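The values are calculated or read from the model by the stated rules, or taken from the named source; none is laboratory data. Quick caveat: nothing in here was measured; it's all calculated off a predicted structure. Ideal geometry is used to build each Cβ from the backbone, glycine not excepted, and the neighbour counts take in all protein chains shown.
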Amino acid sequence: MVFYHKTMRMKSKSSKIFSGLLALVLIFTVMVVPAHAAQSRSENFSSNYSLTGSSGENMVSVAKAQLGKTKSDLGYTEPWCADFVSDCAKIVGEGNAIPFNASCRQLYNGIINAGGQKINKADIVAGDILFYWCSICKSYMHVGIVVDGTYSIEGNYNRKVSKASSYTDENGHTTGSGTVSRIYVRPNYRNSPTLHTVDSSYGNNFTAYPKVRITAENIFDANHNQISSTAWIGTSDMCTIHEVYTDGCCKVSYPLDSGETKTVYSKFSLFDINVHTHSYTSTVTAPTCTSQGYTTHTCSCGDSYTDSYVPALGHSDGAWVTTVEPTCLGEGTEKVYCTRCNAELNSRQIAPLGHDYASEVVTEATCKGKGQMKYVCKRCEFTYYDVIPAKGHNHEEAIWVTTVAPTCTASGEQSAYCPDCNELIETRAVEALGHDDGKWVITSQPGCESKGEETCYCTRCGKVIDSRPTDALGHDDGTWVVVTKPTCREDGQEVLFCTRCGKATDKRTVNALGHDEGVWKIDFEPTANHDGQMSRYCTRCDEVLETKSFKMHTHREGYRETVTEATCTTDGIGGIFCADCGAKYDTYVISALGHDYNDWYMNNNGTHSRTCSRCHNFESENCDFEVTVKEATCTEAGYTTHVCKICGYTYVDGNVDALGHAWGEWVDDGNGETHTRTCSGCGITETEEHHWGEWKLNKDATLFKNGTKTRVCPDCGATETIGSIHTAWLVRIPYTIVLWIGNILKKVLYILSFQWFLPNHGIPPIH
């Protein structure tokens, strides 16, 4: 028995040391903060995982794929261990079993509320959730995903997603810093393994059945699935029961010949429960201010011992407590008591408070009438009155309201109201705004010889403010184009055309070319009986310039040369010349060049044109307009702009005047001071103070009750009601009579005393 106690105490001491170290590691390696705003970042997770197993296995697969990733890699901005678990569940599709929550405590409550259950450490499987509880912060401080019986994967562990193996230690170790416990929870996954509960009929007091003999056994895994039968049989083997479940399974341990202890899940028959092992119940006696504390351990057999002595606490000064409240004229008392045993430790006096007046406006002063102020001590209700002088109209803070809004051409009007009585006190004219010049818009494009036009519109009313011509562009000389080709004997002519409008701007004579000796052409081939003949022709007029004969031979290609130039629309001709005789003995076709058009130019009539730089071919087409509509608003005019996508020709039409504000009804703001109206067109709001009407009496005052009066804002219908008389006049009659009697007695005594017996303290006047 002594050996058992020593062993248990040594184990307890080592457990306390380990738990203390573990608590320090968790505190300095895991960032722990109160609940924060949820931050889902599942979109930043690595997709290098496979969702092919159970929900728990899939949770582990997703978590493993994120190992080594930091807060910045995943996009988290706040402590994120709980967010990491929720995001894994979101990817797996188990958002119902693990609802998205920001803190560890919220995550734990969310899983339990969703049907999750606490489980024993021996029953953990992949995908179970591990929570760390620490008594220092009185909360769940960290959370991770169970992989197997050796480690878990946890976010924000060493500031990244890491493996953690510390959770495999025993739960509930007490250290000098508090208690660190590990709690395992099985979420209500769609395919969770069956949970088995402990049979409460055994009272969970397993030490009541410490040693049993096994007659037969079937072996099960942690999920109570049978894995073998009759693994061992014997009546001499001794085992210890740790847990008995409702399905008949027992968690037992028994010694092996090697000296080691084996733990299994089994169903078996029990007998010979005849060996007693102490099972102590601990009772803690807390220390007091004057006596020490201790823990008493008592076994059901009557054995007991005490340990864990704690020194007496000593008195703890609390805050000063008022036992006698001070009054306006009298002292009070306050004392200090021990926060634990409530013993009185000290006492002192509190100085009189003096009067603390609260003021109340009985009758409001108006611009033209006096008011009355009432002063009452909050503690003893001593009361006196004072007069509030008439305020007069407040011109400095007068509320100016635009009654007629000015336009570009017409003046407006403003009215000033007293902010206190809402009476109209002044009006003034508001100058017309004048037109607001906008940008100049080209309404007619200039041509080479014709002027254009540009127009300026008002940005408020959309009307034309001004227009002005723009200078003609002038012709843009291009290249000279031959319109009459010169011949060998006759002059030709060429013309200069504008690249924009295609108009001829100049012309000149091209001198006759003279004959251009061309190549030798074969007139007829030689035969065996006579020579052949070839002639040289002018390349332009085809006149024969020279003739010669030649002997029979076979032509072979020497070179090629253009005979007739190709144009934009017609093919040219090229010649193949003999290397021996120089005669052209064959031809080939040179394809037409096609038109080489200049840029399009506007015609200021809804069309644009272009010309060919080689042949001056001219073509026109209608403009392709892009239409932009500027809708009219409450303050700005509307119009439509047409711009050609090709030549840039622009014109404006469809002018629409500014719509003006469409004000709704005035609505009371509920603050007793202002009302607001809203434009249904643009949503702009306008707020101004109420225009109160005259006070109207609702109920006359009686001898004992105050009357009331009401005023109404005619714009929004808001009302204000106050008392019309500050107090019933009959209530003051007794007070007045007492004062009269006092004044009479004072004067009698004053006369009888010849003015030296009774000092004149003065009686408060009646206001």
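If a residue must be assigned to a strand (DSSP E or B), touching a residue at least 40 places away in the same chain (Cβ under 8 Å) and among the polar types (S, T, N, Q), how many such residues does region 426-450 contain? The total comes to 2.
Scanning region 637-654 for residues that are closer than 30 Å to residue 678 by Cα and either among the aliphatic types (A, V, I, L, M) or modelled with pLDDT under 85 (or both) turns up 637, 654.
Residues of region 591-616 being of a type in the set (D, E, K, R), in contact with a strand residue (DSSP E or B) (Cβ under 7 Å, 6 or more places away or on another chain) and not in a strand (DSSP E or B), which ones? Talk me through it step by step, then tell me what you get.
If we filter region 591-616 for residues that are of a type in the set (D, E, K, R), which is where we start, we get 596, 599, 610, 614.
Still in the running and in contact with a strand residue (DSSP E or B) (Cβ under 7 Å, 6 or more places away or on another chain): 596, 599, 610.
Within region 591-616, 596, 599 meet the criteria.
Residues in region 91-131 that are of a type in the set (D, E, K, R) and modelled with pLDDT of 90 or more: 94, 128.
Where strands (runs of 3 or more DSSP E) fall wholly inside region 461-550, the ranges with 2 or more residues that are at pLDDT 85 or above and over 30 Å from residue 434 (Cα atoms) are 492-498, 504-510, 532-538, 544-550. Return the residue satisfying two criteria in turn: it lies in region 551-560 and is in a strand (DSSP E or B) and surrounded by 13 or more Cβ atoms within 10 Å (Cβ to Cβ), and of such residues it is modelled with the lowest pLDDT. Taking the candidates together, the pick is 558.
Taking the criterion of being among the aliphatic types (A, V, I, L, M), under 45 Å from the mean Cα position of the chain (by Cα) and in a loop (DSSP other than H, G, I, E, B), the residues of region 387-425 that qualify are 398, 405.
Conditions tested, residue by residue: (1) over 14 Å from residue 189 (Cα atoms); (2) assigned to a strand (DSSP E or B); (3) in the same structural domain as residue 90 (by TED's automatic domain parsing); (4) among the small types (Gly, Ala, Ser).
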| site | (1), (2), (3), (4) |
| --- | --- |
| 106 | yes, no, yes, no |
| 125 | no, no, yes, no |
| 153 | yes, yes, yes, no |
| 163 | yes, yes, yes, no |
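Examine region 308-323 for a residue that is at pLDDT below 85, surrounded by fewer than 12 Cβ atoms within 10 Å (Cβ to Cβ) and over 54 Å from the mean Cα position of the chain (by Cα), and state whether such a residue exists. Looking through region 308-323, at least one residue is at pLDDT below 85, surrounded by fewer than 12 Cβ atoms within 10 Å (Cβ to Cβ) and over 54 Å from the mean Cα position of the chain (by Cα). Only one of the listed residues (628, 674, 687, 710) is polar (S, T, N, Q), closer than 30 Å to residue 605 by Cβ and at pLDDT 85 or above. That residue is 628.
When residue 598 is tested against (1) surrounded by 12 or more Cβ atoms within 10 Å (Cβ to Cβ); (2) closer than 30 Å to residue 417 by Cβ; (3) at pLDDT below 90, exactly one condition is not met: (2).
For region 497-542, enumerate the residues that are of a type in the set (A, V, I, L, M, F, W, C) and touching a His at 6+ places or on another chain (Cβ under 6 Å). Break it down into steps so the answer makes sense when it comes.
We begin by selecting, within region 497-542, every residue of a type in the set (A, V, I, L, M, F, W, C); these are 497-498, 501, 504, 510, 512-513, 519-520, 522, 524, 528, 534, 538, 541.
Correct list: 497, 498, 538.
Within region 329-357, being among the aliphatic types (A, V, I, L, M), modelled with pLDDT under 90 and not in a loop (DSSP other than H, G, I, E, B) holds for one residue alone: 345.
Of the listed requirements (1) of a type outside the set (S, T, N, Q); (2) at pLDDT 80 or above; (3) more than 30 Å from residue 342 (Cβ to Cβ); (4) out of contact with any Cys (no Cβ under 7 Å at 6 or more places or on another chain), residue 280 misses just one: (4). A single member of 567, 562 is outside the structural domain of residue 502 (by TED's automatic domain parsing) and touching a residue at least 40 places away in the same chain (Cβ under 8 Å), and it is 567. Please work out which residue is surrounded by the fewest Cβ atoms within 10 Å (Cβ to Cβ), limiting yourself to region 405-439 and to residues that are β-branched (Val, Ile, Thr) and within 30 Å of residue 696 (Cα to Cα). This residue is 427.
Checking the structure you have, find out if any residue of region 657-671 is polar (S, T, N, Q), in a strand (DSSP E or B) and not assigned by TED's automatic domain parsing to the domain that holds residue 628.
no
Close Cβ contacts (under 9 Å, 6 or more residues apart or on different chains) running from residues in region 45-64 that are surrounded by fewer than 21 Cβ atoms within 10 Å (Cβ to Cβ) and at pLDDT below 90 to residues that are part of a loop (DSSP other than H, G, I, E, B) and among the polar types (S, T, N, Q) comprise 54/191; 54/192.
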